[in-house]
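The values are calculated or read from the model by the stated rules, or taken from the named source; none is laboratory data. Note that the coordinates shown come from a computational prediction; the quantities given were computed from them, not determined experimentally. So basically every Cβ, Gly included, is an ideal-geometry build from the backbone, and we count neighbours across all protein chains shown.
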Amino acid sequence: MKEYFNNSTSNSAGLEQVDNYFWNIPNLNIYTATVPDRMHHLDLGLFKYQIEFTTELLKLKPEKLVDDMNKGIAKISRHSGLKVFKKGVQSLSRLTASEYRDMMKIMVFVVDGLYSEDLSNVYVKWNEMYLLSRLENFKESDLQDFQKAINDWGNIFIKLFRDISRPNLKFPKLHSWIYHIVDTIREHGAINGYTTETYESLHKIYVKIPYRLSNKKDVEKQIMENIRCRAIVMRNHVKKTKTPVAFTYTAKLFDFNFSEVIINEHRDNPKLNKNMSKGFAKFIDCLNSYLKLLNTTSEDCRIKIYSSVTLKNGAILRAVDNFHDRPWFSNIAINMDIEELSDYQTDNGICYAQTLLITEIRLPNKSTPLHLALVQWYDFKSEITPFVYGCPLLELVELYNFIEIEAIEDIVHVISRFDKTNEHFVLELDHQKYLMITKSGLPFRIQLSGVKYYPTRDGGKCIPFIFRPKSPTLWLGVASMSSWFNGTCNISSEIHILVLPLQTEVLP
């Protein structure tokens with residue numbers, strides 16, 4: 001920066017021609033004295049600017065596009081772990097870093113078709129760049145990819161918002177990010193270490209909370225006593241880990257012996273949500289088709305219908321017309337059998353469906369009940385362009401089936417395309433999570449969704465996921481497999497990983 005200032009070329013680098021006081025202090029390089037942290041640089045910095053500039057850009061149009069954007073944000077469907085902004089973006093200054101991260105996941109769909117293709121692309125490129133910024137280990141090739149992602153985002157960002165920003169985008173965070181962050185990573189390592197967010201958490205736990213618990217007299221002494229007591233409790237407390245139990249049902253909605261009359265009564269009940277009514281309309285045909293495969297009939301079977309059930313991975317599957325004053329019918333990912341893959345267009349072996357009814361069915365000649373979900377299937381909107389913004393673009397089709405709840409891989413977040421009819425995006429909710437794993441010296445970058453950490457018996461951590469390599473032969477030396485590998489492996493940071501079936505994507 002000093003060189004730009006001395007040569008009077010600050011404008012070419014997006015800087016103001018301003019002298020920096022720290023340049024005159026000997027033996028001090030102010031730019032290496034501190035390391036950028038992602039929370040303030042990106043979450044509360046550049047992304048906040050991007051939202052603000054988007055709002056200002058939309059205000060330039062005579063149409064009420066800002067209102068359309070806020071309505072789109074409010075329409076985003078519920079999903080576990082995602083904050084829903086019911087009133088749109090009312091006050092950006094009140095949003096936390098976590099809430100901005102939730103905004104990152106949905107904004108590309110909110111602005112889809114709202115203004116221009118560049119506005120959608122700037123959020124697509126932002127997500128690509130943000131994902132790479134979360135890597136724990138960088139090789140030189142990763143840094144080159146990261147710099148390219150930064151440049152791709154920066155070019156669109158500057159093109160869109162140069163005239164919107166009063167200082168013409170001449171602010172330090174943008175300059176520092178585009179020109180210096182990669183060199184900073186080369187020198188100091190990944191920006192995921194001890195960032196401001198870490199220190200703020202420590203301050204909250206060990207200063208702010210103990211202070212509030214004190215009576216404001218001899219504060220330091222009381223804080224130290226509180227910390228000492230906390231340490232003793234944590235050292236002697238052994239927390240019992242709870243493993244999620246599959247097929248734990250909650251809130252029984254209906255309980256009846258199989259009867260066409262009863263099912264038709266529920267179908268015609270005007271108080272039921274349209275999805276639940278649709279489920280009852282398809283119930284008899286779908287159940288008979290399923291039981292036909294088992295060489296049995298629906299005669300004398302007992303049917304219980306619930307609002308939710310816990311899946312094998314701990315996620316909660318819901319099909320209820322009133323959950324906190326709003327309907328919630330979960331969308332799911334189903335891992336198709338290898339023999340069936342050639343019959344469907346799939347997303348790496350995954351098909352998607354919407355849950356209509358969650359049932360437990362007891363047959364008179366069976367000792368164990370059937371755990372089934374009645375679903376309506378999604379299909380790809382187009383075979384030519386099955387993916388938009390890197391996400392599957394789907395449509396609901398008139399195809400219904402009972403499936404085993406055990407066959408459900410995970411809950412997925414489906415967002416309807418606001419300006420289209422029956423077009424839906426599958427949002428990779430936890431696509432910000434990355435890990436590096438190595439096989440025979442060859443690194444692979446794994447993108448995880450539904451990431452949860454579970455303690456192991458030896459005190460370590462395990463992360464459930466499934467790894468589907470593009471080329472199965474990469475893993476033939478590890479396990480005998482046909483299309484993907486389930487097992488255990490280690491990543492470069494020496495955290496033990498337990499590989500379980502959850503949706504993932506292998507990045508190039």
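The condition of being in a strand (DSSP E or B) and in contact with a Ser or Thr (Cβ under 7 Å, 6 or more places away or on another chain) holds for residue 303.
Any chance region 13-33 includes a residue that's part of a loop (DSSP other than H, G, I, E, B), surrounded by fewer than 16 Cβ atoms within 10 Å (Cβ to Cβ) and assigned by TED's automatic domain parsing to the domain that holds residue 160? No, that holds for no residue. Report yes if some residue within region 82-103 is in contact with a Gly (Cβ under 7 Å, 6 or more places away or on another chain), part of a helix (DSSP H, G or I) and surrounded by 13 or more Cβ atoms within 10 Å (Cβ to Cβ); otherwise report no. No, because not a single residue in region 82-103 is in contact with a Gly (Cβ under 7 Å, 6 or more places away or on another chain), part of a helix (DSSP H, G or I) and surrounded by 13 or more Cβ atoms within 10 Å (Cβ to Cβ).
Can you tell me how many residues within region 307-338 are under 17 Å from residue 402 (Cα atoms) and either part of a loop (DSSP other than H, G, I, E, B) or aromatic (Phe, Trp, Tyr) (or both)? Total meeting the criteria: 5.
Looking across 47, 146, 53, one residue alone is closer than 20 Å to residue 391 by Cβ and in contact with a helix residue (DSSP H, G or I) (Cβ under 9 Å, 6 or more places away or on another chain). It is 47. Among the residues of region 355-369, those identified as surrounded by fewer than 20 Cβ atoms within 10 Å (Cβ to Cβ) and in contact with a strand residue (DSSP E or B) (Cβ under 6 Å, 6 or more places away or on another chain) are 360, 362, 369.
In the set (1) over 21 Å from residue 38 (Cβ atoms); (2) surrounded by 13 or more Cβ atoms within 10 Å (Cβ to Cβ), residue 200 fails one condition alone, (1). The condition of being of a type in the set (Gly, Ala, Ser) and either within 19 Å of residue 180 (Cβ to Cβ) or in contact with a Gly (Cβ under 6 Å, 6 or more places away or on another chain) (or both) holds for only one of 12, 8, that being 12.
Within region 410-422, residues that are of a type in the set (Ser, Thr, Tyr) have Cβ atoms under 6 Å from residues that are at pLDDT 90 or above in these pairs: 416/424, counting only partners at least 6 apart in sequence or on another chain. Residue count for region 122-137 satisfying the condition of being modelled with pLDDT of 90 or more and either aromatic (Phe, Trp, Tyr) or in contact with an Asp or Glu (Cβ under 9 Å, 6 or more places away or on another chain) (or both): 7.
Rundown of residues vs (1) surrounded by 13 or more Cβ atoms within 10 Å (Cβ to Cβ); (2) without any contact (Cβ under 8 Å) to a residue 12 or more places away in the chain, yes/no style:
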| residue | (1), (2) |
| --- | --- |
| 205 | no, yes |
| 228 | no, yes |
| 254 | yes, no |
| 260 | no, no |
| 265 | no, yes |
| 268 | no, yes |
| 272 | yes, no |
| 284 | yes, no |
| 296 | yes, no |
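Report whether or not residue 393 is out of contact with any His (no Cβ under 7 Å at 6 or more places or on another chain) and within 24 Å of residue 293 (Cβ to Cβ). The answer is no for residue 393. Filtering region 34-47 for residues that are farther than 30 Å from residue 316 by Cα, without any contact (Cβ under 8 Å) to a residue 24 or more places away in the chain and not in a loop (DSSP other than H, G, I, E, B) leaves an empty set.
Could you tell me which numbered condition residue 211 fails, if it satisfies all but one of (1) modelled with pLDDT under 90; (2) hydroxyl-bearing (Ser, Thr, Tyr); (3) more than 28 Å from residue 133 (Cβ to Cβ)? All conditions are met except number (1).
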